[in-house]
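See below for the structure under consideration.
Coordinate-derived values only; no laboratory data. The shown structure was predicted, so the numbers you read here are calculated from the model rather than taken from an experiment. Every residue, glycine as well, gets a Cβ built from its backbone with ideal geometry; the counts of neighbours run over all protein chains shown.
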Amino acid sequence: MASTLFFTNCHLSPFSSTAAAALRRHPIRVAPTSLRFLALHSAPSQSSRVAAVAAMGTEASAKVIDGKLVAKQIRDEITAEVSRMKEAIGVVPGLAVILVGDRKDSATYVRNKQKACEAAGINSLEAFLPEDSTEEEVLNYISGYNEDPSVHGILVQLPLPSHMNEQNILNAITIEKDVDGFHPLNIGRLAMRDREPLFVPCTPKGCIELLRRYGVSIKGTRAVVIGRSNIVGMPAALLLQREDATVSVVHSKTLNPEEIIRQADIVISAAGQPHMVRGSWIKPGAVIIDVGINPVEDPNSTRGYRLIGDVCYEEAIKVASAVTPVPGGVGPMTIAMLLQNTLNSAKRIHKFE
Ligand code: NAD
């Protein structure tokens with residue numbers, strides 16, 4: 001989590017109480033993938049802005065996409081699969097995490113990954129290196145894990161200290177153990193038709209998995225991804241394209257982003273801008289996946305801040321057909337996808353079906 005606190009101009013009641021009310025009104029049912037319960041609207045009308053505003057009634061109408069629930073289901077599936085593999089061939093998947101420096105947010109992420117591994121029966125190995133380590137020391141750890149047969153996935157926690165070359169370090173991870181999916185060969189394969197990456201980056205993969213598990217049909221839709229980072233926005237756009245959506249990417253230099261976003265049946269927002277996407281930017285019936293995690297000041301919270309998404313949730317639930325909350329949407333899916341990538345890696349290396 002970034003340490004900066006932002007003020008937001010989407011002045012609305014705190015998420016927790018509103019979301020809880022929405023959950024009570026719209027109990028969640030995770031649909032089988034074949035069931036398409038969300039009707040996506042087709043071509044946008046010329047007066048879509050007016051329509052979007054008019055469609056924003058006072059009541060929430062969107063389904064809440066419950067990432068916590070889906071992630072729990074996936075983690076249960078992984079736990080069962082890990083124990084089946086252990087019983088059948090005596091192999092336990094292993095994930096190695098390298099953390100350089102003492103950033104509190106990074107340490108929390110690493111601890112959460114470690115806990116999730118333990119809960120799923122996956123071995124977790126950690127290398128904690130001091131901030132002033134050299135690039136060579138990090139590369140030595142990577143090369144050790146590349147050779148270690150008990151390690152099936154290697155993850156370098158980002159960001160790295162500024163004196164290190166991130167590209168050199170990520171490129172050193174063998175593609176067979178690149179569970180974060182950031183190696184240029186994996187990203188290249190993701191971008192090319194008829195090529196299969198060995199791993200897909202966890203957060204965008206989690207977004208697509210949420211759509212899939214909620215029965216949202218992607219093929220033929222118009223999708224907009226907000227943000228073009230290497231770890232979220234860019235791979236999310238590639239994945240949507242692979243699913244036959246027509247994809248536009250909005251970024252910090254895009255003029256009139258709301259005009260483009262208003263045409264989308266599916267929006268994945270990963271800009272890191274608190275409450276940037278307002279209800280009036282959303283096409284009625286669109287599905288909204290909010291990746292953003294932004295700390296904003298909150299004197300009512302004991303921590304002094306709370307986390308909100310890129311999308312003004314309270315407005316979005318009145319106009320969209322389905323929305324992910326923050327927290328509890330995409331966040332829990334990221335770790336679930338990391339565990340899945342690690343399990344799949346172990347299965348591939350040991351040719352276990
Ligand atoms: P980043 O800063 O690397 O990239 C942000 C992208 O958003 C850039 O491409 C930039 O061009 C674009 N952008 C910035 N301001 C914009 C604006 N006003 N309009 C349109 N585009 C704009 O960030 P990132 O690592 O991709 O993360 C994005 C957000 O997602 C952050 O809030 C981050 O905390 C969150 N995140 C969440 C998870 C998760 O598991 N839920 C994982 C990774 C990142």
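Three principal axis extents of region 218-276 based on alpha-carbon atoms, in descending order, are 28, 25, 18 Å. Across region 126-138, computed HN-Hα scalar couplings (Karplus, 6.51 cos²θ - 1.76 cosθ + 1.60, θ = phi - 60°) run 10, 10, 9, 10, x, 3, 8, 4, 8, 4, 4, 5, 5 Hz from first to last residue, x flagging Gly and Pro. Full extension of the chain between Ala88 and Glu258 gives 55.9 nm of extra length, using 0.36 nm per residue less the Cα-Cα distance.
With Kirkwood's inverse mean 1/r over C-alpha pairs for Rh, give me the Rg to Rh ratio of region 131-203, two decimals please. All intermediate terms of the calculation are to be shown ahead of the outcome.
Numbers: Rg = 12.8 Å, Rh = 12.9 Å.
So for region 131-203, dividing Rg by the Kirkwood Rh gives 0.99.
Take each peptide in 248-254, 76-82, count the other Cβ atoms within 10 Å of every residue, and average; sorted highest first, the result is 76-82, 248-254. Its alpha carbons considered, region 202-353 gives a radius of gyration followed by a Dmax of 16.0, 53 Å.
For region 151-249, the pair-distance distribution built from all alpha carbon pairs, in bins 5 Å wide starting at 0, is 3, 13, 21, 23, 19, 11, 7, 3, 1 percent.
With contacts defined as alpha carbon pairs under 8 Å and 6 or more residues apart, what's the relative contact order of region 184-298 in percent? Each step should come with its number before you reach the end.
Details: 185 pairs, mean separation 25.7, N = 115.
Answer for region 184-298 is 22 percent.
Can you give the FRET efficiency to the nearest 0.05 for Glu297 and Leu129, using r as the Cβ-Cβ distance and R₀ = 41 Å? Taking R0 as 41 Å, the efficiency between Glu297 and Leu129 is 0.80. The stretch between Ser150 and Glu118 holds 10.0 nm of extra length on full extension. This uses 0.36 nm per residue minus the Cα-Cα distance. Protection proxy ranking, highest mean first, for peptides 177-186, 293-302: 177-186, 293-302, where packing is the per-residue count of other beta-carbon atoms within 10 Å, averaged.
Counting every alpha-carbon pair across region 275-332, the share separated by more than 17 Å comes to 37%.
A straight chain from Thr108 to Leu69 at 0.36 nm per residue would run longer than the Cα-Cα distance by 11.9 nm.
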